[in-house]
Amino acid sequence: MSGGEARAVGVGSALTAPAPRPAEEASRLPTSEERELRLRVDRSSRRPVLVAFGCSLVALLLGSVFGLTASVQMHSPELAGPGWLTFGRVRTAHLNAMVYGWASLAMLGVSLWMIPRLVHQELKWARLAEFGVWIWALALGYQLVRILGGIPSGMEWLEIGLYTGDTFLTVGGGMVGVALLRTLLARAVPHLYVSVWYIMAALIWFPIIFITGNWPAWAGAESAAVNWFYAHNALGLWLTAINVGAAYYLIPKVLGRPVYSYQLSLVGFWTLGFFYSLNGMHHVIGGPMPTWMITTSITASVLMVIPVAAVAINHHMTVVGRFAALRYSPTLRFVVLGAMAYTAVSLQGIFTALREVNRITHFTQWTVGHAHVGVYAFATLILFGSIYYILPRVLRREWPSARLISWHFWLVLLGIALYVTALTVAGVFQGLYLMDPAVPFRASVDVTLAGLQARSVAAVMLTAGHVVFAWHVWRLWRRPTPERELAPFHALRPVVREAGS
Amino acid sequence: MKQTWLLVGGALVVIGFAWMVLVGIPHTMLVRVEAPPGLEPYTESQARGRTVYIRNGCIYCHTQQVRDDAFTSDVARGWGRRPTVPADYVYDRPHLMGTMRTGPDLINVGIRLPDPEWHLIHFYDPRAVVEWSIMPPYRFLFDEVPEEEVGPDDRVVAIPGRGPDEPVVVATPDVLALVDYLRSLNRSYPLAQPAGAAEDAGIAEPGEPAEVDDRSGRTMP
Amino acid sequence: MAVEGLVFPSTLVLLIVVLAFMAGALVFFIWAARAGQLGDLDRQAMLPLDERDLRVSHPWETAEQAEARREAWGEPLPPEPGEWGGAE
């Protein structure tokens, strides 16, 4: 590991970037060698990364169609289909396709690419990882069929069948985790960068919570507690951890400067793990659950201010003064917006966990809006940004079209903005009406209709954005590797202004 | 951080702690919750109906819990005579407490809507009975049979507004079981607990007035 | 009846578990910090950045920012296609 020292060199106060370069630190790897290393590392993870991204895109398209269908059916129930197309099943297929198909598989892809890069080592046991991704993807595909066929397990976020699905996801994910751990142990750098903590911790946390959630021993109120212990941590310790980790890599990488305060990232990481993991019971506020459990979760939810502030300061202050970069880098555009959404969704979550607020917003469309700020505006946007950065590097060719990236960006950005606004407003009214026993129940249904219809418009926009994205990836994939071709969006000029307006 | 073990160990400590607090310790408490005398286990038919409920995703629009009446209006709205408590759910595997109230709470729907015929029509076409409903119709839980082929055991549902020359609507065993299940939903029996036991278990809100409140059933003498 | 009398002991158990874990975590981190695990963070922060990332000219930077970069890392390199979200 002696060479590692030299590679990890680079100092200076993290607060001022670019860091000054002291004389004795002139021993960074020559640029050509760094480049060799990067190429070698990227090549080693190529196959599993491509499989993961490819499968995740299929799930994204499927999930979009399910989501759109469920959305339309909700305000127009006369469009109900046969059993396998009934709202309850399509909605469930949507959630599972998006969370376990799209987001999780894309996150596995990001992890498989990023960890080797960050430890300056080729991906070890790449075959095993690739095989694991396949197992995960195929098992999930089968589960989607089962859900539409009407065999879900009955708990939200845990609908996948125990023996036919959960087992395979655990094993498949485990294979990826083992390959990455093996790579980590063979690292050629003395340090573990903050993204490595987040990603590796997520890979440790996920199987633990997933097995706990699916363990067939729970009954009654306890199964509700375990349900929300799992489902909340699936967001906090899985989706959040890996995407925050990805942002911690991509923002400094694109801007060419270290994160604002590295010390803070340490605080942010450990407090996130500690507080987020205790949040689950704020999903049953007022419900049939021992109060101390709920109070514990509300307290932990409020304490989430600490990690959220730490991550927010780091992500945003690194960009401050350089926002113009968003016009040059599609990756940064998605990632920075995703990071902003992370701050927003966390603050909204803390707010919603307060009893006074929760008694109104619980059980309303507000929650659905909130979930989409998290899984979409935060996680999905960061994943889009990551894929824009990673895919050309593993495929060794450039994105064909700046225009398609702009279309994708604006469609999903406006789509999610409309989505969240519509459901949040609808949810507040729904909640206020439900809270007032003098208001008939009907009013709480009627008041959401406009929001639900607007949500369908948003769903069309998001789906269209995903089709554009998938089409662009397809074109990138089919593209011959050029000798040296200039990227259309990269000609050292802002791209959003022209193609986007 | 420099060492892998620090990361792995720290991650395990963090999750282990949360696991103890939210899964381990509650388990030791909640497994000891016993069914109140007023609560019957589900019959075979009701259990089948419960499966139909799960299979068709009713949980995504209906809750099955009455929240604390100290800060919600669930009781005032008539969804229950008292907030539900863990003991109400001992036979529920898995729980169906739900997260969304697009439709009304159903944990006491058996009291509100005892008529099986109403449910059958409602499932076939919610708008036939509740004109503003956005609940999806569940026609696939019914068979359409020509009048002359109706067997003696078939449960024919008189759907309002169907012409005489149309095939008749026959309920499948699945939907009959579902109705059976819904009609069994009733958590209004008093909780036979000594005064204050629920508070001790931390089920009630702290600082609640201690006077006897038989609506909540929590401080029954 | 069913849940009677459970709360106090459980709360006590809870308190003990919480305190034990907190103490454990504290010891763990103090030890890690003393073993130097948490030190040298400035270098760690630079880990994802290759020399190229630091030297390449970033067209969105202000004149001062670009000058600071040049002083610290030398003459700027021209960016390659897709440098910030495409291929090298």
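The values are calculated or read from the model by the stated rules, or taken from the named source; none is laboratory data. Nothing here was measured: the structure is a model prediction, and the numbers come from that model. All Cβ positions, even for glycine, are placed from backbone atoms using ideal geometry, and neighbour counts span all protein chains on display.
Hey, any hits in region A:292-305 for a residue that's β-branched (Val, Ile, Thr), facing another protein chain (nearest Cβ under 9 Å), more than 30 Å from C:Glu80 (Cα to Cα) and surrounded by fewer than 21 Cβ atoms within 10 Å (Cβ to Cβ)? Yes: one or more hits. If only one of B:Arg67, B:Arg55 is farther than 30 Å from C:Leu15 by Cα and basic (Lys, Arg), which one is it? On inspection, the qualifying residue turns out to be B:Arg55. Report yes if B:Pro137 is at negative phi and exposed (fewer than 15 other Cβ atoms within 10 Å of the Cβ), otherwise no. The answer is no for B:Pro137. How about region A:272-304: which of its residues are among the hydrophobic types (A, V, I, L, M, F, W, C) and under 25 Å from the mean Cα position of the chain (by Cα)? Selection gives A:Leu272, A:Phe274, A:Phe275, A:Leu278, A:Met281, A:Val284, A:Ile298, A:Ala300, A:Val302, A:Leu303, A:Met304. Filtering region B:64-91 to residues that are surrounded by fewer than 19 Cβ atoms within 10 Å (Cβ to Cβ) and either facing chain A (nearest Cβ under 7 Å) or outside any loop (DSSP other than H, G, I, E, B) (or both) leaves B:Phe71, B:Ser73, B:Ala76. The lone criterion from (1) within 30 Å of A:Val357 (Cβ to Cβ); (2) touching a helix residue (DSSP H, G or I) at 6+ places or on another chain (Cβ under 6 Å); (3) at the interface with another protein chain (Cβ under 7 Å from one of its Cβ atoms) left unmet by A:Tyr198 is number (3).
Only residues that are surrounded by 19 or more Cβ atoms within 10 Å (Cβ to Cβ) and either of a type in the set (A, V, I, L, M, F, W, C) or modelled with pLDDT under 95 (or both) were counted across region A:129-145, and they come to 8. Is it the case that some residue within region A:434-451 is within 15 Å of the chain's Cα centre (by Cα), part of a helix (DSSP H, G or I) and assigned by TED's automatic domain parsing to the domain that holds A:Trp471? Scanning region A:434-451 turns up no residue that is within 15 Å of the chain's Cα centre (by Cα), part of a helix (DSSP H, G or I) and assigned by TED's automatic domain parsing to the domain that holds A:Trp471. C:Met22 falls short on exactly one of the conditions (1) within 11 Å of chain A (Cβ to nearest Cβ); (2) in contact with an Asp or Glu (Cβ under 7 Å, 6 or more places away or on another chain); (3) at pLDDT below 80, and that condition is (2).
Annotation: B:Arg50 fulfils all but one of (1) farther than 24 Å from A:Thr361 by Cβ; (2) more than 8 Å from chain A (Cβ to nearest Cβ); (3) at pLDDT below 95; the unmet one is (3).
With the structure loaded, tell me whether A:Val425 is in contact with a helix residue (DSSP H, G or I) (Cβ under 8 Å, 6 or more places away or on another chain), buried (at least 19 other Cβ atoms within 10 Å of the Cβ) and part of a helix (DSSP H, G or I) or whether it fails that test. Even if it seems obvious, please write down each step before you answer.
Working: in contact with a helix residue (DSSP H, G or I) (Cβ under 8 Å, 6 or more places away or on another chain): yes; buried (at least 19 other Cβ atoms within 10 Å of the Cβ): no; part of a helix (DSSP H, G or I): yes.
When the stated conditions are applied, A:Val425 does not pass them.
Within region A:314-334, the set of residues being within 22 Å of the chain's Cα centre (by Cα), surrounded by fewer than 23 Cβ atoms within 10 Å (Cβ to Cβ) and facing chain C (nearest Cβ under 10 Å) comprises just one member, A:Leu326. Checked against the criterion of being out of contact with any Ser or Thr (no Cβ under 9 Å at 6 or more places or on another chain), within 8 Å of chain A (Cβ to nearest Cβ) and either part of a helix (DSSP H, G or I) or closer than 21 Å to B:Met135 by Cβ (or both), the candidates B:Leu22, B:Leu6, B:Leu12 yield just one match: B:Leu12.
Of everything in region A:340-391 that is of a type in the set (S, T, N, Q) and under 15 Å from the mean Cα position of the chain (by Cα), the residue that is farthest from A:Leu413 (Cα to Cα) is A:Ser346. Only one of the numbered conditions (1) touching a residue at least 40 places away in the same chain (Cβ under 8 Å); (2) within 14 Å of chain B (Cβ to nearest Cβ); (3) buried (at least 24 other Cβ atoms within 10 Å of the Cβ) is not met by A:Gly83, and that is (3).
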